[in-house]
Structures are given as C-alpha cells and as structure tokens.
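To start, the structure under review is shown below, and the notes come after it.
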Amino acid sequence: MANHKSAIKRVKQSENRRVENKYGAKTTRNAIKSLRNASSKEEGQEMLPKVSAMLDKLAKKNIIHKKKAANLKSGLAKQVNSL
C-alpha cells in the first residue's frame, strides 16, 4: 500500500475516476443499445442527439477514442435514417 500522503490521495482519486468513467461508458452503451432497438423513426431522431452528446463527452475525456465515437455516431445516424 502507499506510504506517502500524496500517494494515498492519488489512489483515492484514481479509484473515483475509474468508477465515474465506468458508469459513463456503461450508461452510453445502454443508450446505444436502446437507440438501435428503436422501432419508429421519430423515437430514433429524438434519442440520437442525446446519445451523440454522450459519445462526445466520453471522447473528450479520453474514455473512448475520438474516431470510435465518430464511427459510432455515423453508424447510428445511418441506422436512424433507414427506419
């Protein structure tokens, strides 16, 4: 275990960040899944901006790569337009 005060603080901070990042990523994955299962075009168009914003936030915090976020957003937009 860490011996210095600063190292103990760093362990706590990294654990808190890990939990927050995990929550954000899981919430976004669930939102993507529900968007893919949307039955009507109106429902999909309503959800798409919210999911896109979630992906942008994850990419901004480097939780996912920015190109992965772009690819997901593109695929979701194509899927919603095809409804």
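The values are calculated or read from the model by the stated rules, or taken from the named source; none is laboratory data. These numbers were taken from a predicted model, which means no experiment stands behind them. As a convention, Cβ positions derive from the backbone with ideal geometry for all residues, glycine included, and neighbour counts pool all protein chains shown.
Pairing residues of the stretch 3-20 that are touching a residue at least 24 places away in the same chain (Cβ under 8 Å) and among the hydrophobic types (A, V, I, L, M, F, W, C) with residues that are surrounded by 10 or more Cβ atoms within 10 Å (Cβ to Cβ) and outside any loop (DSSP other than H, G, I, E, B), at Cβ distances under 8 Å and at least 6 apart in sequence or on separate chains, gives no pairs at all.
Residue count for the stretch 4-36, restricted to those that are aliphatic (A, V, I, L, M) and not in a helix (DSSP H, G or I): 0. For the stretch 37-83, the tally of residues that are charged (D, E, K, R), modelled with pLDDT under 95 and surrounded by 14 or more Cβ atoms within 10 Å (Cβ to Cβ) stands at 1. Residue count for the stretch 37-80, restricted to those that are among the β-branched types (Val, Ile, Thr) and either part of a helix (DSSP H, G or I) or farther than 18 Å from Lys22 by Cβ (or both): 2.
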